[in-house]
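Enquirer: The structure is given below, and queries will be raised subsequently.
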Amino acid sequence: MTNKALPQGLHPDTLAVREAVERSQWGEHSEALYLASSFVQPSAETAARRFAAQEEGYTYTRTSNPTVTSFERRLAAMEGTECAVATSTGMSAILLVALTALKTGDHVICSQSMFGSTIKLLGTEMARFGVETTFVSQTDTAAWKAAIKPNTRMLFAETPTNPLTDLCDIAALADIAHAHGALLAVDNSFATPVLQQPARLGADLVVHSGTKFLDGQGRVMAGAVCGTVALVDKVMGTFLRSGGLNLSPFNAWVVMKGLETLSLRVKAESAAALELAAWLEAHPKVARVYYPGLKSHPQHELAMRQQNGLGGAVLSFDVRGHNAEQLRANAFHVIDSTLLCSITANLGDVKTTITHPASTSHGRLTEEQRQAAGVGQGLIRISVGLEHLDDLKADLSRGLDTLK
Ligand SMILES: Cc1ncc(COP(=O)(O)O)c(C=O)c1O
């Protein structure tokens, strides 16, 4: 069946439901799921041409698959990039970036308060391949600039960070990177293209853990890298096909359907998170709330400018306590007293999740790395879902109100 060509200049909300709808001969309305590891060729001659990339056509799903391609095209349209490649997880997307954009002798600068596995991958694993990493303060643009060396090849930022919601100024970091011939990669898993499109602010690479908001219902693992055809399709896509970091067609289909409701979910969750953050800030048992939508957040102005006026769905807060042991016990009490919030490390789900970062997402870091990341024992992270706000407040009150 012939698909109608889309008009130019569509809004992201329209692209989220209309981009890359490839109908088969049956004219199905929902996108087809091509759950196939390989594709039958009409002749040996055609197979030879397709394997030699002289003719378009699907051959083998590790090379490409129509469902995966549709997800890649839709996400790229929403991020405003030329293309995207999909990967099995968010970490495999970051691994793909590291293995293709960096080589032995290169230097990468990244924030000391990023997601724990990213710190581990860039700081420890890549060192075994002779890649040097400097960790700087996320919020200190001058520190990123000062860390530049002649061999700096990439700046890797995650904004807002997990779990403290620290921001960095994407446009300023892009200028610093480009002035030195380096790339800027931004992990956009927390913000999603609903809040910010890093490529429009100058980032060369946009990385996603599709496991989070893009899926949005906690069903599958997924990842993606968005950027130019020259870098992402030609270099990273070629490596991905050799390295086999691919996203499965089933997972691609699930995440692609998740993109259709992304904007509605993220906007509703952000509105609820703002109210919940303000309520927590006024609670006597809470020492500090970290949420970019609050005026008290040190980068509130940047957040409003850079994030489409929204704070996002994730907030963290410190409970009160006198020492590390008591802080941990108090945080565990609040978490364990919830009946509604799911105690799980994932985020971006329509079901509100609650976690203790120091013993989960950041549990593999050394105490020194954890302190540098600002992750204390009293810290609790919440990813706000779609439950009624009053029910969420009541759920958190259960533990907070009974803290000694
Ligand atoms: C900001 C960020 N980037 C990347 C990842 C890794 O994604 P995945 O779990 O899909 O590998 C996570 C996971 O929590 C994350 O929070």
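Enquirer: Dividing the Cα convex hull volume of the stretch 74-215 by residue count, how many Å³ per residue is that?
Expert: Values: hull volume 13.6 nm³, N = 142.
In the stretch 74-215, the Cα hull volume divided by residue count equals 96 Å³.
Enquirer: How high is the FRET efficiency from SER37 to LYS295, r the C-beta distance, R0 56 Å, rounded to 0.05?
Expert: Working: r = 53 Å, r/R0 = 0.94.
Rounded to the nearest 0.05, the efficiency is 0.60.
Enquirer: Continuing with this model, one more query. Give me GLU301, GLU82 sorted ascending by neighbouring Cβ count inside 10 Å, so fewest comes first.
Expert: Working: GLU301 11, GLU82 15.
Lowest to highest Cβ neighbour count: GLU301, GLU82.
Enquirer: Still on this structure: So, with +1 on the Cβ of K and R and -1 on the Cβ of D and E, and no other charges, what is the size of the charge dipole of the stretch 263-400 about its Cα centre, to the nearest 20 debye? Before the final figure, lay out the partial values.
Expert: Numbers: 14 positive and 14 negative charges, 34 e Å.
Roughly 160 debye, rounded to the nearest 20.
Enquirer: May I ask you to sort ILE176, ILE170, ILE335, ILE109 by Cβ crowding, counting other Cβ atoms within 10 Å and putting the fewest first?
Expert: Details: ILE176 21, ILE170 24, ILE335 18, ILE109 28.
Result, fewest neighbours first: ILE335, ILE176, ILE170, ILE109.
Enquirer: Peptides 16-28, 192-204: what's the order by average Cβ count within 10 Å, highest mean first?
Expert: Working: 16-28: 14.3, 192-204: 23.5.
Ranking, from highest mean packing down: 192-204, 16-28.
Enquirer: Here is a further query. Mind listing the phi-derived Karplus ³J(HN,Hα) values for the stretch 74-79, rounded to whole Hz, using 6.51, -1.76 and 1.60 with θ = phi - 60°, and x for any glycine or proline?
Expert: 5, 5, 4, 4, 6, 7
Enquirer: With r as the distance between the Cβ atoms of ALA179 and ALA230 and R0 = 22 Å, compute the FRET efficiency 1/(1 + (r/R0)^6) and round to 0.05.
Expert: On the way: r = 20 Å, r/R0 = 0.93.
After rounding, the FRET efficiency stands at 0.60.
Enquirer: Continuing with the same structure: Can you tell me the Rg and Dmax of the stretch 263-400, counting just the alpha carbons, in angstroms?
Expert: Reported Rg and Dmax, both Å: 14.3, 41.
Enquirer: Suppose a student asked you for the relative contact order of the chain, using Cα pairs under 8 Å spaced at least 6 residues apart; what percent would you report?
Expert: Taking the mean separation of contacting Cα pairs over the length of the chain, I get 16 percent.
Enquirer: Another question about this same structure. Over the stretch 280-404, what is the percentage of antiparallel beta bridges among all DSSP beta bridges, to the nearest 5?
Expert: On the way: 12 of 14 bridges.
The antiparallel proportion sits near 85 percent.
Enquirer: Whole Å is fine, so just give me how far the alpha carbon centre of the stretch 267-319 lies from that of the stretch 1-43.
Expert: Between the Cα centres of the stretch 267-319 and the stretch 1-43 lies a distance of 38 Å.
Enquirer: Using a simple charge model, +1 on the beta-carbon of Lys and Arg, -1 on the beta-carbon of Asp and Glu, nothing else, what dipole does the chain show about its Cα centre, in debye to the nearest 20? Walk me through the intermediate numbers first.
Expert: Values: 35 positive and 39 negative charges, 77 e Å.
The dipole of the chain has a size of about 360 debye.
Enquirer: At a 10 Å Cβ-Cβ cut-off, how would you order ASP233, ASP390, ASP13, fewest neighbours first? Spell out each step's value before the answer.
Expert: On the way: ASP233 18, ASP390 8, ASP13 14.
Ordered by Cβ neighbours within 10 Å, fewest first: ASP390, ASP13, ASP233.
Enquirer: Across the Cα atoms of the chain, what radius of gyration and what greatest pairwise Cα-Cα distance (Dmax) are found, in Å?
Expert: 21.7, 76
Enquirer: While we're on this one: Among the listed pairs LYS212/LYS295; LYS351/LYS393; LYS285/LYS404; LYS267/LYS351, which have their C-alpha atoms separated by more than 19 angstrom in this model? Kindly include the intermediate steps, with their values, before the conclusion.
Expert: Values: LYS212/LYS295 26 Å; LYS351/LYS393 14 Å; LYS285/LYS404 9 Å; LYS267/LYS351 15 Å.
Flagged as over cut-off: LYS212/LYS295.
Enquirer: Kindly work out what percent of the DSSP beta bridges joining two residues of the chain are antiparallel, to the nearest 5. Could you put the intermediate results ahead of the total?
Expert: Values: 23 of 42 bridges.
The antiparallel proportion sits near 55 percent.
Enquirer: Tell me which trypsin sites (Lys or Arg not before Pro) from the stretch 244-335 have a DSSP coil assignment and no more than 14 other beta carbons within 10 Å of their own. If you can, show how the numbers build up before the last one.
Expert: On the way: sites: LYS257, ARG265, LYS267, LYS285, ARG288, LYS295, ARG305, ARG320, ARG328; in loops: LYS285, LYS295, ARG320.
Answer by residue number: LYS295.
Enquirer: Quick check: the distance between the Cα centres of the stretch 67-82 and the stretch 124-188, to the nearest angstrom?
Expert: Each part reduced to its Cα centre gives a spacing of 25 Å.
Values quoted throughout were computed directly from the atomic coordinates according to the rules given, and no laboratory measurement underlies them. From a predicted model like this one, the values you see are computed outputs, not experimental measurements. Here the Cβ is made from the backbone with ideal geometry for all residues, glycine too, and neighbour counts use every protein chain on show.
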